[in-house]
Amino acid sequence: AQSVSQHNHHVILSEAASLELGCNYSYGGTVNLFWYVQYPGQHLQLLLKYFSGDPLVKGIKGFEAEFIKSKFSFNLRKPSVQWSDTAEYFCAVYNLNFGNEKLTFGTGTRLTIIP
Amino acid sequence: DGGITQSPKYLFRKEGQNVTLSCEQNLNHDAMYWYRQDPGQGLRLIYYSQIVNDFQKGDIAEGYSVSREKKESFPLTVTSAQKNPTAFYLCASSMGRRETQYFGPGTRLLVL
C-alpha cells in the first residue's frame, strides 16, 4: 500500500533558526508532490508543489522543497523561520503509475516557533 | 469571491442520528473530495467524485454516504453506522485528478 512518512511529529524552533521537515514516500514511478500548511484556525492551503522539471521548487513565504527521486524524498526547508510559521505541515503524494486515484497524506508535522 | 464553503462550522450528532455536511465550490472544478482529519493521523480519504453523478469510495468509506447531483455540490452524510464520527471533516476540489486540491474551512463534528 502507498504510504507517506513524516518522521518529525512535533518540531520546536526559535525564531531565525533554519528548518527542514522530512517527507518520504514508499513507492517509485512518476509522482506529483505537495506540501500543505494548516495555520491555527485557518484552511489547509498549498505551500508548494512539484509535478516535473527543476527538482528544487519554491513556494510561498520563503519555503522551498527538494525532490530527490533516488531517496523517495521531498523535504521542506526554510532558511530562517518566523513566529508566524507556527502551523501544521502536511506532505502529500500522488503516484501517477499506481492506478489509485487518491492523494496520500503524511500524518503531519506540528511546528512551534518560539519568539 | 471564489472558493470552497463548508457548513456548518460545528455540528453535533446524537446517537443513532444521520447528519449531513455541506460542501459547495464555485471554482468550476470537476473533482471533489471528502477527508477526515484526526489528531496524529493526517488526512484520510472518505469519498471522491470526478464527475457529476459518479463517486468512488476512499479508504474509510464505511458509515458514510455521498451524492453528486450538481457539479458545485458534494454533500457528505455521516450515518448512524459510523461508530466513531467525532472528527474534523475537510472538503476539497480540483480541476481534475492528479491536480492540486484546494480545501474548504472544514466542519467539526461532535457527538452528544
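Points to keep in mind about this one:
- With all projection directions averaged, the alpha carbon convex hull of region A:46-115 covers 5.5 nm².
- Taking the number of Cβ atoms within 10 Å of each Cβ as an exposure proxy, the fewest-first ranking of A:Trp83, A:Trp35 is A:Trp83, A:Trp35.
- When the trypsin sites (Lys or Arg not before Pro) in region B:42-93 are filtered for DSSP coil states and for at most 10 other beta-carbon atoms within 10 Å of their beta-carbon, the remaining sites are B:Lys83.
- Rg to Rh quotient for chain B, alpha carbon positions, Kirkwood Rh: 0.94
- Which of B:Tyr64, B:Tyr10, B:Tyr48, A:Tyr39 has the fewest Cβ neighbours within 10 Å, and the rest in rising order: B:Tyr10, A:Tyr39, B:Tyr64, B:Tyr48
- Extension gain from B:Lys83 to B:Asp54, taking 0.36 nm per residue of separation minus the Cα-Cα distance: 7.8 nm
- With coordinates expressed along the principal axes, the C-alpha atoms belonging to the protein assembly as shown extend over 49, 40, 37 Å, beginning with the largest.
- Exposed loop sites here mean GluC sites (Glu not before Pro) with a DSSP loop assignment and at most 13 other beta-carbon atoms within 10 Å; chain B contains its longest site-free run at B:16-61.
Every number in this text was worked out from the coordinates using simple rules, so none of it is lab data. The shown structure was predicted, so the numbers you read here are calculated from the model rather than taken from an experiment. Glycine also receives a Cβ, built like all others from the backbone with ideal geometry; neighbour counts cover every protein chain displayed.
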